[in-house]
1. Out of the residues in region 30-70 meeting the condition of being surrounded by fewer than 14 Cβ atoms within 10 Å (Cβ to Cβ) and touching a Leu at 6+ places or on another chain (Cβ under 8 Å), tell me which one is nearest to Lys140 (Cα to Cα).
2. Taking the conditions exactly as written (touching a residue at least 60 places away in the same chain (Cβ under 8 Å), surrounded by 15 or more Cβ atoms within 10 Å (Cβ to Cβ) and part of a strand (DSSP E or B)), does Ala110 satisfy them or not?
3. Does any residue of region 90-103 turn out to be within 23 Å of Ala43 (Cα to Cα) and surrounded by fewer than 19 Cβ atoms within 10 Å (Cβ to Cβ)?
4. If a residue has to be surrounded by fewer than 15 Cβ atoms within 10 Å (Cβ to Cβ) and over 17 Å from the mean Cα position of the chain (by Cα) to count, how many in region 114-128 make the cut?
5. Inside region 68-124, can you point out the residues that are among the acidic types (Asp, Glu) and farther than 14 Å from Cys26 by Cα?
6. Is it the case that Glu125 is assigned to a strand (DSSP E or B), in contact with a strand residue (DSSP E or B) (Cβ under 8 Å, 6 or more places away or on another chain) and more than 14 Å from Arg34 (Cα to Cα)?
7. Take Glu86 and tell me if it is surrounded by 12 or more Cβ atoms within 10 Å (Cβ to Cβ), of a type in the set (Asp, Glu) and at pLDDT 80 or above.
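The values are calculated or read from the model by the stated rules, or taken from the named source; none is laboratory data. Treat the numbers as computed from the prediction; the structure is a model and nothing was measured. Reconstructed Cβ throughout: ideal geometry from the backbone, glycine too, with neighbour counts over all protein chains shown.
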Amino acid sequence: MYRTILAFTLLCGATNAAHAATRFFCSADDKNVRFTVESGFEAEGGHKLNHFRGALVVKSGDAPQALQKIAVTSENLTHHWSHDGELRLEVFYEDGDDPKAQGVSLIVTAGQRGKSMTTFSGAYELALEGDGKPLSATGKVSCGSK
């Protein structure tokens with residue numbers, strides 16, 4: 001009997017370890033932008049970021065060529081929040097070291113506080129900032145978790 005209880009306890013502990021991280025993915029595709037981002041957070045206290053990556057296509061012809069198609073990584077994630085059914089991400093990508101360069105700011109806000117769901121929706125805000133022509137867009141985003 002002791003061995004059965006010990007085996008069951010170890011099995012339950014291994015099951016918890018398998019669910020120690022949460023992955024979120026969000027995407028949007030409208031007249032202004034097409035993007036997909038994926039992020040992973042630890043389930044333990046503090047929800048430490050495991051990884052972040054994504055791709056962004058700005059559809060406006062007014063966007064500089066260098067910012068029309070970009071890949072983003074954890075280096076570009078300036079703010080992240082995952083708590084109680086809410087997901088918030090702020091991404092900033094800068095076009096090189098040129099002081100006249102523009103940057104892209106993407107903010108994703110999704111989920112509903114107190115509701116944990118595998119699929120949920122939200123909104124995004126996109127802004128091109130810097131010396132070039134300013135550009136901004138907002139829209140809906142679809143997200144999910146694994």
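1. Out of the qualifying residues, it is Lys69.
2. Details: touching a residue at least 60 places away in the same chain (Cβ under 8 Å): yes; surrounded by 15 or more Cβ atoms within 10 Å (Cβ to Cβ): yes; part of a strand (DSSP E or B): yes.
So Ala110 fits the description; yes.
3. We begin by selecting, within region 90-103, every residue within 23 Å of Ala43 (Cα to Cα); these are 90-91.
Filter again for surrounded by fewer than 19 Cβ atoms within 10 Å (Cβ to Cβ), leaving 90.
Yes, region 90-103 contains a residue that is within 23 Å of Ala43 (Cα to Cα) and surrounded by fewer than 19 Cβ atoms within 10 Å (Cβ to Cβ).
4. Matching residues across region 114-128 total 2.
5. Glu75, Asp84, Glu94, Asp95, Asp97, Asp98
6. On the way: assigned to a strand (DSSP E or B): yes; in contact with a strand residue (DSSP E or B) (Cβ under 8 Å, 6 or more places away or on another chain): yes; more than 14 Å from Arg34 (Cα to Cα): no.
No, not satisfied.
7. Working: surrounded by 12 or more Cβ atoms within 10 Å (Cβ to Cβ): yes; of a type in the set (Asp, Glu): yes; at pLDDT 80 or above: yes.
So Glu86 passes the test.
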